[in-house]
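Computed from the coordinates by the stated procedures, all read-outs in this text should not be read as laboratory data. If you're wondering where the values come from, they're calculated on a predicted model, not measured in any experiment. Cβ placement follows ideal geometry from the backbone for every residue including glycine, while neighbour counts extend to all protein chains displayed.
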Amino acid sequence: MDLKISQCFISVDDHDRALAFYRDVLGLEVRNDVGFEGMRWVTVGPPLQPDVEIVLEPPLADPNAPEEDRRAVAELLAKGLLRGVIFTTENCDATYERLLAADADILQEPMDQPYGVRDCAVRDPAGNLLRFTQRKG
């Protein structure tokens, strides 16, 4: 079997804030921006990986969901308990400095991990966990 990752999904509560972060801070390309039934999906991806996309989706992509479910998902999102993405970078420290300069919500400064990477961690504007790893040696 020839399997490749095509898309992953991250819930966001404000697409414009998410775009300012993923496009303007991280440098991802906007590949699609679609509205449907009062909701919005924006697809972004790394310029060097045209076949990989991150879909920034509404927290609960169901226009008929009960308000109770909407509140529960919003609370999970605010706590950073829904999804996350791990990015690789050539230079973890430079990536961290860029995130710091953009006032990102820093969770972990760059540090060497025992499993062979140097990494740092932030939360995106919606609260999702993002890690940036640099392979060692």
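Write out the GluC sites (Glu not before Pro) in the stretch 1-54 meeting two conditions: DSSP loop, and at most 13 other Cβ atoms within 10 Å of their Cβ.
GLU37
Enumerate the whole-percent occupancy of each 10 Å bin, from 0 to the last occupied one, for all C-alpha pair distances of the chain.
Binned Cα distances yield the sequence 11, 39, 35, 13, 2, 0.
Run the numbers on the chain and let me know its relative contact order in percent, using alpha-carbon pairs under 8 Å that are six or more apart.
Once normalised by length, the contact order is 23 percent.
Pick from GLU75, GLU67, GLU97: which residue has the top mean-square fluctuation in a GNM of the chain where Cα pairs under 10 Å get a spring?
GLU67
Just want the ordering: TYR115, TYR22, from fewest to most Cβ atoms lying within 10 Å of their own Cβ.
Lowest count first: TYR115, TYR22.
Would you mind ranking SER11, SER6 by Cβ crowding within 10 Å, fewest neighbours first?
Numbers: SER11 21, SER6 8.
Result, fewest neighbours first: SER6, SER11.
Can you tell which of ARG123, ARG40, ARG71 shows the greatest fluctuation in a Gaussian network model of the chain with Cα springs below 10 Å?
Checking each option, the largest mean-square fluctuation is seen for ARG71.
Just for the chain, what percent of DSSP beta bridges are antiparallel, to the closest 5?
Numbers: 22 of 32 bridges.
Bridges in the chain are about 70 percent antiparallel.
Take PHE21, PHE36 and order them by how many other Cβ atoms sit within 10 Å, fewest up front.
PHE36, PHE21
For the chain, what does -39500 (n - 2.57) per DSSP helix run (n ≥ 4), summed and divided by total residues, give at 222 nm, in deg cm²/dmol to the nearest 500? The partial results should precede the final answer.
Working: 3 runs with 27 residues, N = 137.
That calculation yields -5500 deg cm²/dmol at 222 nm.
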